[in-house]
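Written out below as structure tokens is the structure these notes cover.
Here, each number is a calculation from the coordinates, and none is a lab measurement. The shown structure was predicted, so the numbers you read here are calculated from the model rather than taken from an experiment. Here the Cβ positions follow ideal geometry from the backbone for every residue, glycine too, while neighbour counts run over all protein chains shown.
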Amino acid sequence: MVRNVASLVLAAVLALPVGAVPAHADGRIPEVIGGKVATAGRFPWAVRLSMGCGGTLTAPRVVLTAGHCVGKTGPNRKITVTAGAPDLKSKKAIAVKSVEVFRSPDFVTETSGDDWAVVRLERALDLPTLDLVPDGSRDEGTFTVMGWGQTRETALRQERRLHYADVPTIADEECAKAFHKVGVDLVRDESICAGRHGVDTCQGDSGGPMVRRDRGGKWVQVGIVSWGLGCARDGYFGVYTQVSKFREAILAATRKLS
Ligand code: ARG
């Protein structure tokens, strides 16, 4: 049901004329990702999934993504994962097929929480993997988000290069209030909201990571791109699956598919 409300709202909003999309004071339409293109090697565990989502290599043979990006748990050879290069057309990009999917058993739709899944690849990749946030970590601050998705809400185009941006987290209360106005109930203890006007993830970024550096400078995954209302709009935020909440379940699923 929540999904229906959410997609109705989305459809209504997307049907607005282009002029209704919030623009900067200077008339520019906000660049969703904030305009930065990732250089090779900066986020070596970031991968692209062929259905138009992002993901991360959490083990040499396992990709973590959003539940709404994949089908149900079981054998699955339909996904092609592109890894090893932020430029999908680069000679260094590796394409590898999926063999199996495990989706959170509690997943229903992206706005109802539990929006995570892991994918087993046909072979292990010789690339760095990304760790999940350690137990008991704070899920507040400024985090880095990334993806090959749209750089504008109205751009019906995916990017060839990986884009990234830093976004501040927003208190659950403020975020829940914003989405309540449009009839969507935020699942507070399973979500992290983040973003500011003009900087956000967007369509096609789902499944990709929200990361921060730990004390030793190593990246750890804090969130998974899940949903939003349009992109980078004033008063709305991107919603990310709260990885700390699902840490044990994701680790168990990763081990099983490794
Ligand atoms: N559900 C979208 C996808 O499938 C991600 C939307 C994120 N939106 C946002 N405003 N942060 O790619």
What fraction of the DSSP beta bridges in the chain is antiparallel, stated in percent and rounded to the nearest 5? 95 percent
Sorted by chain and number, the residues with a modelled amide H under 5 Å from that of V222, at a separation of 5 or more or across chains, are M210, V211, R212
Hull shadow area, averaged, segment 146-234 [alpha-carbon convex hull, nm²]: 6.3 nm²
Report, in debye and to the nearest 20, how large the dipole of the chain comes out about its Cα centre when Lys and Arg carry +1 and Asp and Glu carry -1 on their Cβ. 1140 debye
FRET efficiency (K97, L127; Cβ distance; R0 25 Å; to 0.05) is 0.95
Out of residues 5 or more away from Q242 or on other chains, whose amide H comes under 5 Å of its own, with H placed 1.01 Å from N in the peptide plane? S191, I192
Tell me, what ³J(HN,Hα) does each residue in segment 244-255 have, in order and in whole Hz, if you take phi through Karplus 6.51 cos²θ - 1.76 cosθ + 1.60 with θ = phi - 60° and put x for Gly and Pro? 4, 5, 10, 3, 5, 5, 5, 4, 4, 5, 5, 4
Under 21 Å Cα-Cα from K97, which lysines qualify once same-chain neighbours fewer than 8 residues away are excluded? K72, K78, K89, K256
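Subtract the Cα-Cα distance of R157 and A249 from 0.36 nm times their separation in residues, and report this length gain in nm to one decimal.
Roughly 29.7 nm would be gained on extension.
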